[in-house]
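Okay, structure first, notes after.
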Amino acid sequence: MPRLAARTSGTSGSLGAMLFLASLAFAGSALAEEAPITSLQDAACRAEAKARVFSIPDPLNLGLREIGKQLYFGCMKRSTRPAHHSMKRRQRRR
């Protein structure tokens with residue numbers, strides 16, 4: 001009987017260690033999916049994409065990740081356009 005008890009305790013210990021390592025691997029892979037936020041614009045576009053990803057229709061079955069990427073990069077393009085009009089007006093006034 002003592003051998004049986006020793007085996008079950010060893011198994012549960014190694015099972016616990018395996019579960020712990022699996023959870024670390026899962027957490028590490030989840031953290032590696034998103035790059036760190038680099039600017040206020042980046043944070044705003046991520047928030048906009050997260051807010052709109054479930055409300056956009058998906059007729060091509062692209063998936064949530066691809067739709068989120070499209071929303072994010074669309075937002076980044078919209079917000080990085082330079083305001084050429086104001087610079088042209090300043091040059092004309094001189």
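The values are calculated or read from the model by the stated rules, or taken from the named source; none is laboratory data. These figures come from a predicted structure and were not determined experimentally. Heads up, the Cβs are rebuilt from the backbone with ideal geometry, glycines too, and the neighbour counts pull from every protein chain shown.
Okay, here's what the table says:
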quantity: Residue satisfying all of: in the stretch 62-89; in a helix (DSSP H, G or I), farther than 18 Å from residue 37 by Cβ and hydrophobic (A, V, I, L, M, F, W, C); modelled with the lowest pLDDT among these; calculated: 87
quantity: Residue 52 at pLDDT 65 or above and in contact with an Asp or Glu (Cβ under 9 Å, 6 or more places away or on another chain); calculated: no
quantity: Condition broken by residue 59, with the remaining ones in (1) modelled with pLDDT under 75; (2) of a type outside the set (A, V, I, L, M); (3) under 30 Å from residue 78 (Cα atoms) satisfied; calculated: (1)
quantity: Cβ-Cβ under 6 Å pairs, at least 6 apart or on other chains, the stretch 46-61 side touching a residue at least 12 places away in the same chain (Cβ under 8 Å), far side among the aliphatic types (A, V, I, L, M); calculated: 49/71; 52/71; 53/64; 53/67; 56/67
